[in-house]
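Peer 1: Quick one: the structure is below, and I'll ask about it shortly.
Just so it is clear, none of the values below were taken in a lab; they were calculated from the coordinates. Since we're looking at a predicted model, the values are computed, not measured.
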Amino acid sequence: MRGPQGAADMNEIVGAFGLLERDGRVLLVRERRILDGVPRDCWDIPGGGVEPGEALTETLVREYEEETGLVVRPEGLAFMIERFGFRSPDPSRRSRFFFFHLREVGGTLGPRDADILEAGFRSWDEMRELCVQTYHAELWRWQDGGRRENYFLTDRDAVGRNAVRTEPGLT
């Protein structure tokens, strides 16, 4: 499941995603998505939506194994994104996305989810060329800021695409 869904409040989206690095390379997944009405191959950090009654770390472990075939253990929170109006006509709709540092503990690399076309490690430079959707903006702010900021707040316009107000990340 790629889209974050299933939060207790139906107006809220909650997702957990994981940064697994190996020799300076980050694990990414590629899937086909419809964005702005156009089919695109998208590269993303593995993870997805929290299901009812599920903890963030449980979501992360489940999604990671489904999307990459690897078993991971969360090592700590890298950063968190809070957005209002993200891809929604409702400006009060809140989305919270939690990004964790991970440690690999088992499994074999290879997607098990039919929606995932490929899983592989990429350098940060390659990743910058592949992860180019507008929703990657906070990831790049985190990386470019030396990985010190850990909270990003962004309001989006009524169709959920352009930043209206962005608060600086907390350190």
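Peer 1: Along each of its three principal axes, how wide is the spread of alpha-carbon positions in segment 1-144, in whole angstrom units, largest first?
Peer 2: 41, 33, 31
Peer 1: Amide H neighbours of Gly69 under 5 Å, at least 5 residues apart or on other chains, H built in the peptide plane: list them.
Peer 2: Gly110, Arg112
Peer 1: Rounded if a/c is under 1.5, else prolate if a/b beats b/c, else oblate: with a ≥ b ≥ c from the C-alpha gyration tensor eigenvalues square-rooted, which is segment 27-100?
Peer 2: Because a/c hits 1.5 or more and a/b fails to exceed b/c, segment 27-100 counts as oblate.
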